[in-house]
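**Student:** Provided herewith is a single structure, encoded as structure tokens, for subsequent inquiry.
The values are calculated or read from the model by the stated rules, or taken from the named source; none is laboratory data. What you see is a predicted model, and the numbers here were worked out from it, not measured in a lab. Every residue, glycine among them, receives a Cβ derived from its backbone with ideal geometry; neighbour counts consider all protein chains shown. What goes into the accessible areas is simple: the full protein's heavy atoms, side chains included, and nothing from ligands, DNA or RNA. Shrake-Rupley method; radii C 1.70, N 1.55, O 1.52, S 1.80 Å.
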Amino acid sequence: MENKSVVIIGGGPAGIEAANSLANQGLKVTLIEKSDEAGGNIRNWVKLFPDFSNAEDVRANFRNILKNENIEFISNTEISSLYRDGNHWIAKNGSDKTFKADAALLTTGFEVFDAKRKEELGYGIYDNVITSVDFEQMYKSGKITTAEGKVPERIAFLNCVGSRDEKVGNHYCSRVCCINAVKQAIEFKELVPNAKAFCFYMDMRMAGQFYEELYRKSQEKYGVTYIRGRISEAAATMDNRIQIKAEDTLSALPMKMTVDLLVLMVGIESSSSTTELSRQNDVLGLYGFSKSKGLYGNDNLTNQHGLFLAGTCKRPLTLPETFADARSAAIEIVKYLKTI
Amino acid sequence: MKNWGFKISQPRILDFDTADLESYSRLVEKVPSAHRCLMCGACTATCSANVHTEFNFRNTHLMFRRGQFDGLADELDKCMLCGKCKLVCPRGVNTRAIIYNMRIVLSDMNYKSIEL
Amino acid sequence: MTNKKHFWNEYQKDIADDNYYYERSCIRQSFFPGSETTFLRILRDELGKTIIDDQNQHTCTGIGYHSDVVQFDTTMTVCARLFSLMSDKGLKNFVPSCVTSFGVFAEVFETWNHFPEELEKTRNYLRKATGREFKVPENIAHPSDIIYKNRKELKAKMKYQLVNRHTGKPLRVVEHIGCHYGKIFSKHAVGGAEFPQVLAGMIEEWGGEVIDYPERRHCCGFGFRQYLVMANRGYSVANTQKKFESMSPYKPDFVLTNCPGCTMFMDRWQYTIAEMEGKTYDENGMGIPVLTYEELAGLLLGYNPWDLGFQVHQVQVEPLLDKIGIEYDPSDKFVGKSGKFLGEPEKPENLIVDYGK
């Protein structure tokens, strides 16, 4: 175990949490991040579902972890090739940087769905169609406003944008968007109590602990209206509001309404690094995600000796699930390093 | 005017811009649990009246929510107020109180059932 | 519209450059009689292209197919006969005048691409029925695709621009591409189905401004079976009404259409709505003019409006001609090709018909 090293690709929650566990056990960890700072997608979030914890607390903890002298954090470095060389794993950034370690952990995570691909929803065309990530950015500033700076009187959230949609090639559920819509609807109602919030859904998938309770609270305390029906079309009105059409499937009637802001709950897609590095190592699964050896007890292993997986490079996961998965990957890696 | 042999069809769309969505809040004031209704339909499945008439409590409640009040008073007359629906609601919605109070709010808005 | 560029870049298709076989529409020659001749004139005289207008051609079955009276096997065989006529002429680039034909051909092509056995079956049917053979076209383009492709070249030859000469501002134009142009296979539509560029590209190139209104993507109201059965026509006109209610606050100067049915219904139903409900959608009670892209191109190129067939439009175009500053002789409007006065059509009660000047 002594002097053994691990290279972790991806400095998001999974990468940092795994680095923390490994470094605390005395291993040398190189944590490589393609952007300029650690944190991954959590950098875009203000509060976390379902308990409204501050994402900043999580980020502060990340910064603390990175102070560990056993962790070498390398930013602005995108790994373009990852391969096994004898008993070592080599990660390369183009041709200028090479990192060598005894084991490699892929924590390359996810990217949010590019909402422009759902053309009928007009993202990137109509100013008042925004994504859930844009909503967070606005929420960070303490104000939710339309492109014209107006406080919305009506807001609509649309679930399953880029998820459960054959048209964009994603049959799967992203798992986090439903509860995130509930969270954002409540945040909106707290900021603008007199406004109306509508949430359009195909199914409300409240599978996590306290999700259903939050959903219930959003109805009872905040009066959020849930409409079972997928918005089929968004168009701008003369005053730059957004006209949306859906079927109110519970009444079996077509419906339309005009809202000041339409928020698209963008789903989780595999990141380009996840897909590319998985492809290189023959661990590419469905939808560009990485494929683990199996779901039951060997979910952090791959068919490659010494290559491990953690977090959303495998599939959509919530933040607590990602942390747990990263820690379990650390256990597997330590087990492996004892054998070589 | 000419006889065209047809008339311009009226839209059957629910227009949330013009529908009266506010009157529902008057119902919710009286029965706060109404907000929690998920439209699962357990109430309607167990309804004694539903077996013999077209009365559908879930849909009547939904139409009220959507501000579509025409004909609802007549629908509500089919309810026997037995309270069976309340027993099965997974969200603890006071369905019986909703029926009772929908009648009151409708009556206040001059939606009356057909007098026989 | 610049923010739509990211869609437009994705939906650019291969449009043949020259040597076309033209397939005419069943209804356009009666309803908008100047459009097809104008297209041929523009291609031959302005752009110097070769395009064959074949007197032996026939229907694509589109109206029957979309009304459920012709089945798809028959449609494929009838289309195959048109391709065999094209093959006779030694041509490979098929240009159907009608948007529904374009949709039918796209559907036939895609069927043959995905199910080659259907192509073989069709060859067999055509052989048995007519003794003919055919080659699958190498390129299929709608005439609007060709005008779009040559929009810059045409602009250089144009005498007029889509600018209101009284205000100096761009004319405000509603574009309507027609369902069968892009909705069946969006990859066959320039700019895609949701934010199509084919007409918008012409309008912007020629100086106008495209209006995006909430019901832009809605059906014109034709809908084949909606219209063909009289009892259903209320649905047809209701769709048109919905579009005009939605666009009228934007005060469009005219509507530019791609499809024979859309042109027909957006023009004629304005009369019907006016006569049924007394409602018109412009400020002067004259209705909003509806133009085909060929008529528009011809107008801007300086062709005589009465050669373009505006006489048979329900909504009169003279106010639009005056806005653009197009010269025309009102006394020529109802003079036939022989030089004889043909008489004026009866005027409706509510929709104002005024020949200007």
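**Student:** So residue B:66 passes all but one of these: (1) touching a Ser or Thr at 6+ places or on another chain (Cβ under 9 Å); (2) within 24 Å of residue A:249 (Cα to Cα); (3) surrounded by fewer than 17 Cβ atoms within 10 Å (Cβ to Cβ); (4) of a type in the set (Lys, Arg). Which condition number does it fail?
**Tutor:** (3)
**Student:** Select from the range C:159-193 the residues that are of a type in the set (Gly, Ala, Ser) and either away from every other protein chain (no Cβ under 14 Å) or open to solvent by less than 10 Å² (accessible area, probe 1.4 Å) (or both) and list them in ascending order.
**Tutor:** C:168, C:178, C:182, C:189, C:191, C:192
**Student:** Further question on the same structure: Restricting to the range B:1-23, and then to whatever is open to solvent by 70 Å² or more (accessible area, probe 1.4 Å) and polar (S, T, N, Q), can you tell me which residue is nearest to the other protein chains (Cβ to nearest Cβ)?
**Tutor:** This residue is B:10.
**Student:** Given (1) away from chain A (no Cβ under 14 Å); (2) without any contact (Cβ under 8 Å) to a residue 60 or more places away in the chain, identify the lone condition not met by residue C:99.
**Tutor:** Condition (2) is where residue C:99 drops out.
**Student:** Scan the range C:226-237 for residues that are within 21 Å of the chain's Cα centre (by Cα) and open to solvent by 10 Å² or more (accessible area, probe 1.4 Å) and jot them down.
**Tutor:** If the condition is that a residue be within 21 Å of the chain's Cα centre (by Cα) and open to solvent by 10 Å² or more (accessible area, probe 1.4 Å), then C:226, C:227, C:228 are the ones that fit.
**Student:** Quick one: residue C:264 ticks every box in (1) surrounded by fewer than 24 Cβ atoms within 10 Å (Cβ to Cβ); (2) more than 12 Å from the chain's Cα centre (by Cα); (3) part of a helix (DSSP H, G or I) bar one, so which box is it?
**Tutor:** The single condition residue C:264 does not satisfy is (2).
**Student:** Being of a type in the set (S, T, N, Q), outside the structural domain of residue A:193 (by TED's automatic domain parsing) and at pLDDT 95 or above narrows it down to one of A:249, A:275, A:225, so name that one.
**Tutor:** Exactly one of A:249, A:275, A:225 is of a type in the set (S, T, N, Q), outside the structural domain of residue A:193 (by TED's automatic domain parsing) and at pLDDT 95 or above, namely A:275.
**Student:** Still on this structure, please answer the following. Just to be sure before I move on: is residue B:76 in contact (Cβ under 8 Å) with a residue 24 or more places away in the chain, open to solvent by less than 20 Å² (accessible area, probe 1.4 Å), out of contact with any Pro (no Cβ under 8 Å at 6 or more places or on another chain) and more than 10 Å from every other protein chain (Cβ to nearest Cβ) in the structure I sent? I'd like the intermediate steps shown before the answer.
**Tutor:** Working: in contact (Cβ under 8 Å) with a residue 24 or more places away in the chain: yes; open to solvent by less than 20 Å² (accessible area, probe 1.4 Å): yes; out of contact with any Pro (no Cβ under 8 Å at 6 or more places or on another chain): yes; more than 10 Å from every other protein chain (Cβ to nearest Cβ): yes.
When the stated conditions are applied, residue B:76 passes them.
**Student:** Can I ask one more? With respect to residue A:269, determine if the residue is in contact with a helix residue (DSSP H, G or I) (Cβ under 8 Å, 6 or more places away or on another chain), more than 14 Å from chain B (Cβ to nearest Cβ), charged (D, E, K, R) and in contact (Cβ under 8 Å) with a residue 60 or more places away in the chain.
**Tutor:** yes
**Student:** Still on this structure, I have one more. Which residue pairs have Cβ atoms closer than 9 Å, lie 6 or more positions apart in sequence or on different chains, and pair a first residue in the range A:216-238 that is within 7 Å of another protein chain (Cβ to nearest Cβ) with a second residue that is among the acidic types (Asp, Glu) and open to solvent by 70 Å² or more (accessible area, probe 1.4 Å)?
**Tutor:** That search, which allows pairs on different chains as well, returns A:236/A:127.
**Student:** Restricting to the range B:29-55, name every residue that is open to solvent by less than 20 Å² (accessible area, probe 1.4 Å), free of Cβ contacts under 8 Å to residues at least 40 places away in the same chain and within 10 Å of chain A (Cβ to nearest Cβ).
**Tutor:** Answer for the range B:29-55, where residues must be open to solvent by less than 20 Å² (accessible area, probe 1.4 Å), free of Cβ contacts under 8 Å to residues at least 40 places away in the same chain and within 10 Å of chain A (Cβ to nearest Cβ): B:39, B:41.
**Student:** Residues that are open to solvent by 40 Å² or more (accessible area, probe 1.4 Å) and not assigned by TED's automatic domain parsing to the domain that holds residue C:219: find the helices (runs of 4 or more DSSP H) completely inside the range C:9-124 holding 3 or more of those.
**Tutor:** Fully inside the range C:9-124 and qualifying: C:28-31, C:72-88, C:99-114.
**Student:** Related question: Please go through (1) closer than 14 Å to residue C:174 by Cβ; (2) crowded, with 18+ Cβ neighbours inside 10 Å; (3) within 14 Å of another protein chain (Cβ to nearest Cβ) for residue C:245 and return the number of the only condition it doesn't satisfy.
**Tutor:** (2)
**Student:** Inside the range A:249-260, can you point out the residues that are surrounded by fewer than 20 Cβ atoms within 10 Å (Cβ to Cβ) and more than 7 Å from chain B (Cβ to nearest Cβ)?
**Tutor:** A:249, A:252
**Student:** So for the range C:326-338 (the condition being crowded, with 16+ Cβ neighbours inside 10 Å and not in a loop (DSSP other than H, G, I, E, B)), does at least one residue qualify?
**Tutor:** Our first condition is that a residue be crowded, with 16+ Cβ neighbours inside 10 Å; within the range C:326-338, this holds for C:326, C:328, C:333.
Filter once more, keeping what is not in a loop (DSSP other than H, G, I, E, B): none.
Within the range C:326-338, not a single residue is crowded, with 16+ Cβ neighbours inside 10 Å and not in a loop (DSSP other than H, G, I, E, B).
**Student:** Would you check if there is a residue in the range C:228-242 being touching a strand residue (DSSP E or B) at 6+ places or on another chain (Cβ under 6 Å) and modelled with pLDDT of 95 or more?
**Tutor:** no
**Student:** Among the numbered conditions (1) at negative phi; (2) small (Gly, Ala, Ser); (3) more than 14 Å from every other protein chain (Cβ to nearest Cβ), tell me where residue A:246 comes up short.
**Tutor:** (3)
**Student:** How many residues does the range C:269-289 hold that are in contact (Cβ under 8 Å) with a residue 40 or more places away in the chain and buried (at least 19 other Cβ atoms within 10 Å of the Cβ)? Show your work before the answer.
**Tutor:** Initial filter on the range C:269-289 (in contact (Cβ under 8 Å) with a residue 40 or more places away in the chain): C:269-271, C:274-275, C:278, C:280, C:284-288.
Cutting the leftovers down to buried (at least 19 other Cβ atoms within 10 Å of the Cβ) gives us C:269-270, C:274, C:280, C:286-288.
Of the residues in that region, 7 qualify.
**Student:** If residue B:60 passes every condition in (1) open to solvent by 20 Å² or more (accessible area, probe 1.4 Å); (2) within 11 Å of chain A (Cβ to nearest Cβ); (3) of a type in the set (Ser, Thr, Tyr) but one, which one does it miss?
**Tutor:** (1)
**Student:** Might you let me know whether the range C:142-158 holds any residue that is over 22 Å from the mean Cα position of the chain (by Cα), open to solvent by 20 Å² or more (accessible area, probe 1.4 Å) and hydrophobic (A, V, I, L, M, F, W, C)?
**Tutor:** Yes, the range C:142-158 contains a residue that is over 22 Å from the mean Cα position of the chain (by Cα), open to solvent by 20 Å² or more (accessible area, probe 1.4 Å) and hydrophobic (A, V, I, L, M, F, W, C).
**Student:** Check the range C:194-207 and report whether any residue there is open to solvent by less than 10 Å² (accessible area, probe 1.4 Å), within 11 Å of chain A (Cβ to nearest Cβ) and modelled with pLDDT of 95 or more.
**Tutor:** Checked the range C:194-207: no residue is open to solvent by less than 10 Å² (accessible area, probe 1.4 Å), within 11 Å of chain A (Cβ to nearest Cβ) and modelled with pLDDT of 95 or more.
**Student:** For the range A:239-261, what are the residues that are part of a loop (DSSP other than H, G, I, E, B), without any contact (Cβ under 8 Å) to a residue 24 or more places away in the chain and in contact with a strand residue (DSSP E or B) (Cβ under 6 Å, 6 or more places away or on another chain)?
**Tutor:** First, the residues of the range A:239-261 that are part of a loop (DSSP other than H, G, I, E, B): A:239-241, A:249-252, A:260.
Those left that are additionally without any contact (Cβ under 8 Å) to a residue 24 or more places away in the chain: A:239, A:249-252.
Within the range A:239-261, A:249, A:250 qualify.
**Student:** Continuing with this model, one more query. Could you grab me the full set of residues in the range A:100-124 that are over 19 Å from residue A:14 (Cβ atoms) and either among the basic types (Lys, Arg) or open to solvent by 10 Å² or more (accessible area, probe 1.4 Å) (or both)?
**Tutor:** A:100, A:102, A:114, A:116, A:117, A:118, A:119, A:120, A:123, A:124
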